[in-house]
Each structure stands twice: as C-alpha cells, then as structure tokens.
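We did not get these values from a lab; they are worked out from the coordinates using the rules stated. Values in this document were obtained by computation on a predicted structure and should not be read as measured data. We place every Cβ from the backbone using ideal geometry, glycine too, and count neighbours over all the protein chains shown.
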C-alpha cells in the first residue's frame, strides 16, 4: 500500500476481518497475517490455506468493505502480489 500509515492498516484489517463486533477473528482459511512499514508505504502479508480461500475473502468481504469506505482506512485498493508459499512455520 503506497504512502500508507499503520493506523490505516489497522482500520482495514479490523474492518475486513470483523464479522459482528468485538475483536476480529482471522478470516476463514487465513493461516498467517503480518503487516509492517515498507519502502514507500505499508506491506500486508496474508497467507491463506488456498487460493480459493483468499479469493473468497478478498471478493466477498475485503473488497466490498473497502469500496464502501473504511473510516481511517486505505483510500486505494491494495496492490496484490501472489506467491506460492512453500512452507509456513509458527
């Protein structure tokens, strides 16, 4: 997310994951999530159990909520980069 700030990432993560109030559980199928400052903006890494799991979350929850506007959140859609994950370690 170019030119993004930590508070924006927090707002978007909470809005994207929240189903009905309270602290948000991870989205169904998400195995790992990390976010942090990177050159020129903010990087969010979400690892899902499958491409279908990611697409279901992205298309059914995250994108519609971002399009509706998230107070204090990102103002542009994310730049998505896809990789095949070899292994996720705790």
Quiz item: What FRET efficiency, computed as 1/(1 + (r/R0)^6) with R0 = 22 Å and r the Cβ-Cβ distance, is obtained for residue 82 and residue 38, rounded to the nearest 0.05?
Solution: 0.80
Exercise. Quick one: divide the alpha-carbon radius of gyration of segment 44-90 by 2.2 N^0.38 Å and tell me what you get.
Key: 1.31
